[in-house]
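We did not get these values from a lab; they are worked out from the coordinates using the rules stated. For clarity, every value in this text was computed on a predicted model and none was experimentally measured. Cβ coordinates were reconstructed from backbone atoms using ideal geometry, including for glycine residues, and neighbour counts include every protein chain displayed.
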Amino acid sequence: MNSNYNPDKNQQQTERFQPPVHHQQPVHHQQPVHHQQPVNQQQPVNYQQPVNQQQPVHQNSNMTQDVSIYSHSYKIHGGKSALDVRATEKLRKSEENVIDKDGNKNLFHTIQLECAPKNDGQTRSYNWKRKVVLQLTDQELPLFICVCLGSLKKISFGNHGVGEEKNCKYFSIENQGIKLFMQIGNNSDKNKINLPIPINMPNAVHMGMIALEQYAKNFPALSSDTVLKQVHYIGNVYCSFNHQEIKDKIPVN
């Protein structure tokens with residue numbers, strides 16, 4: 001047995017069975033995977049998302065307010081005067097203290113016409129301090145729409161104004177085919193003025209749509225198509241009875 005014993009060979013085998021595995025075992029304990037998990041928990045992205053989602057809402061809210069203020073004011077500039085069409089509300093004096101069961105007043109949605117003369121000289125500016133302002137009545141508004149959209153040829157109404165200018169303000173609008181021609185004026189002694197302004201068809205339709213939108217607000221249960229059909233019906237009836245031009249009084253025969 002001693003003759004087969006080779007110490008050098010056994011020593012080589014012993015060295016072969018000394019792999020560095022046991023010395024590398026700490027590598028398994030040093031794996032950073034488990035220690036890196038809290039990094040995912042500390043990501044701030046999820047906590048900041050609600051802030052980013054709320055910012056556009058605030059901005060859109062402001063934009064909506066701006067549109068509601070300015071969308072119904074439409075200016076048309078002419079060579080001698082300028083016209084500003086505004087959405088407004090009208091309340092009869094006899095109904096100032098009258099409210100419905102919901103606490104709302106009986107307001108009539110209409111438009112306000114403001115017309116100002118052009119300043120002297122070559123400048124493209126207007127004297128809005130001398131503007132003539134009037135509101136259309138519940139009977140004038142649908143007829144105004146008819147002229148703007150081509151169902152009537154011309155309407156003229158006076159008897160506008162309050163106080164010292166009562167019944168002194170007037171307006172007329174005529175459909176001349178490819179354009180409208182409007183006049184707004186004041187016959188009072190202190191502020192006598194007549195302001196003519198031609199209106200091309202794109203401006204005329206835009207102006208008519210603003211008036212139609214306001215008129216439709218008075219009938220919330222009806223669609224805008226229904227309101228438009230009835231407006232055209234009014235114009236067609238008057239034209240069929242040779243009332244293409246209406247002045248001061250609504251025809252009854």
Quiz item: Going through the range 170-206, which trypsin sites (Lys or Arg not before Pro) have at most 16 other Cβ atoms within 10 Å and a DSSP loop state?
Solution: 190, 192
Self-check item: Of every Cα-Cα pair in the range 161-238, the percent that sits beyond 16 Å
Solution: 65
Quiz item: What number comes out for the charge environment of residue 152, summing +1 per Lys or Arg and -1 per Asp or Glu over other residues with Cβ under 14 Å away?
Solution: 0
Self-check item: Neighbour-count ranking [beta-carbon atoms within 10 angstrom, fewest first] of 151, 240
Solution: 240, 151
